[in-house]
Amino acid sequence: MRRLAKTRKDRERENCELGERLSQRDSQRIQSERERLARRGSEGEEAKEAPLSFSLAAAPPQDPAAPVGQAERPSGVFDLDAAVSRCYGNYDMFQEMTRHLCGEADPLLDQMRAAHAAGNARKLADTAHRLLGTVLYLAAAPALEAAKCVEAMGRAGELSAASAAVERLAGEVARLKDALRDHCPRRD
């Protein structure tokens, strides 16, 4: 157990070190992405500012009368700089993880619901763990905490509240997918 904990700490330290050494190319790509999003905002397609790291404290209340496309992006959902850092400083890998989340999240959530309905706590925990791995790379704290909660309930065999936890996770994943929309790789 101590050996695994030390290994995890080593991995966390390495990820921090990698994050501090973002390559020049990826830093430039992130900056060009910021500029592209800002240009889109000035053309009226998106919100005027395109923050790359989100904060719950800075989230203004959304105006229900605002035209579609003018609403603020969800706040507190993920941190772009931390996500790229966790993807070894590689923006392309971050985009691939984003694509992976968008492709696998809904089927995994359906599998969690089915596992809960069948009373299969192990399957629930294992499926939540698969989604947790992707969310971890995307530095999405709310979705990560929700996935950890579902996994822990499954591991403990506590299925009574698992349905609500899975639905909370589904809501966090939907918010995350919306926040990542501008970072999804485009395939033509």
Testing K177 on (1) surrounded by fewer than 21 Cβ atoms within 10 Å (Cβ to Cβ); (2) farther than 19 Å from D92 by Cα, one condition comes back false. Which one is that?
(2)
Please state which one of A179, A161 is within 25 Å of A82 (Cβ to Cβ), out of contact with any strand residue (DSSP E or B) (no Cβ under 8 Å at 6 or more places or on another chain), small (G, A, S) and at pLDDT below 95.
A179
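Let's see how each residue does on (1) under 26 Å from D79 (Cα atoms); (2) out of contact with any His (no Cβ under 7 Å at 6 or more places or on another chain):
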| site | (1), (2) |
| --- | --- |
| L108 | yes, yes |
| H129 | yes, yes |
| E158 | no, yes |
| V166 | yes, no |
| V173 | yes, yes |
Within the range 122-137, is there a residue that is farther than 15 Å from E172 by Cβ and in a loop (DSSP other than H, G, I, E, B)?
no
Considering the range 129-188 alone, what residues qualify as being among the basic types (K, R) and under 13 Å from T98 (Cβ atoms)?
K177, R181, R186, R187
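The values are calculated or read from the model by the stated rules, or taken from the named source; none is laboratory data. What you see is a predicted model; the values in this text were computed from it and never measured. Every residue, glycine among them, receives a Cβ derived from its backbone with ideal geometry; neighbour counts consider all protein chains shown.
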